[in-house]
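Single-structure report; data block below.
The values are calculated or read from the model by the stated rules, or taken from the named source; none is laboratory data. Worth saying up front: this structure is predicted, and the values here are computed from it rather than measured. No Cβ is skipped: glycine too gets one built from the backbone with ideal geometry, and neighbour counts run over all protein chains shown. When the accessible area is computed, the model is the full protein with side chains, heavy atoms only, and any ligands, DNA or RNA have been set aside. Shrake-Rupley method; radii C 1.70, N 1.55, O 1.52, S 1.80 Å.
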Amino acid sequence: MLREYYPEIVATAITLFFFFPLKKLIAFIIHSFTQTTERKSSRVMLVKRLFNVLLTFIYVVIILTIWGVKASNILPTLASVFTVIGVAMFAQWSLLSNITAGILLFFSFPFRIGDIIRIQDKDFPIEAKIIDIKAFCTILRTRGNETISYPNSLLLQKGIVILDKTAFDDDFDDDGFQ
């Protein structure tokens with residue numbers, strides 16, 4: 001009985017054999033990138049998890065294909081699943097846009113933790129120090145010691161001015177604004 005599935009078993013084993021080293025290689029590349037750009041470890045772990053989910057999804061599709069699920073059947077199924085998810089998540093578009101913006105901020109690093117920035121918002125301009133950059137939001141601390149959770153998607157939409165830290169020596173200490 002197993003003999004008739006021998007090619008699929010071997011192909012699945014080979015696929016899984018490459019899965020774990022590729023997963024480690026991606027983690028190594030992300031880790032190497034973060035060493036040169038001095039990223040926070042919690043952000044590194046988030047990006048590693050997101051890439052692991054993507055890699056796992058790709059491998060599941062490959063294994064389904066190995067076991068005879070035809071691409072003509074996979075694509076409509078995936079399209080249906082993504083349509084349902086898309087409709088369900090339509091109300092959550094800001095969540096997805098913030099995650100995407102968090103990834104873009106991770107790789108493009110227009111500003112870093114510790115930078116003092118001014119968000120060019122016509123109605124509510126904000127001048128604050130970046131305390132942390134998370135998956136969904138960036139944590140800011142103002143001179144008045146207020147902590148602001150600012151959505152990442154808005155940071156990409158607004159103009160950001162990175163201010164000179166030396167201009168704030170009187171207002172700035174190691175923990176943030178006084």
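Things worth noting here:
Results for (1) in contact with a strand residue (DSSP E or B) (Cβ under 8 Å, 6 or more places away or on another chain); (2) small (Gly, Ala, Ser); (3) part of a helix (DSSP H, G or I); (4) at pLDDT 75 or above, shown as yes or no for each residue.
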position	(1), (2), (3), (4)
GLU4	no, no, yes, yes
VAL10	no, no, yes, yes
LEU16	no, no, yes, yes
LYS24	no, no, yes, yes
ARG39	no, no, no, no
ARG49	no, no, yes, yes
THR56	no, no, yes, yes
ALA88	no, yes, yes, no
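- Members of the range 63-86 that are open to solvent by less than 70 Å² (accessible area, probe 1.4 Å), modelled with pLDDT of 75 or more, under 27 Å from the mean Cα position of the chain (by Cα) and not small (Gly, Ala, Ser): ILE63
Quick grid of which residues meet (1) at pLDDT 90 or above; (2) within 21 Å of SER41 (Cβ to Cβ); (3) buried (at least 18 other Cβ atoms within 10 Å of the Cβ):
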{"position": "LYS122", "(1), (2), (3)": "no, no, no"}
{"position": "PRO125", "(1), (2), (3)": "no, no, no"}
{"position": "ILE133", "(1), (2), (3)": "no, yes, yes"}
{"position": "LEU154", "(1), (2), (3)": "no, no, no"}
{"position": "ILE160", "(1), (2), (3)": "no, no, no"}
{"position": "LEU163", "(1), (2), (3)": "no, no, no"}
{"position": "ASP171", "(1), (2), (3)": "no, no, no"}
{"position": "ASP174", "(1), (2), (3)": "no, yes, no"}
{"position": "GLN178", "(1), (2), (3)": "no, no, no"}
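- Within the range 135-146, restricting attention to residues that are within 21 Å of PHE106 (Cα to Cα) and part of a strand (DSSP E or B), the residue that is most open to solvent (accessible area, probe 1.4 Å) is ARG141.
- Filter pass, ILE130 being touching a Leu at 6+ places or on another chain (Cβ under 7 Å), free of Cβ contacts under 8 Å to residues at least 24 places away in the same chain and part of a helix (DSSP H, G or I): no
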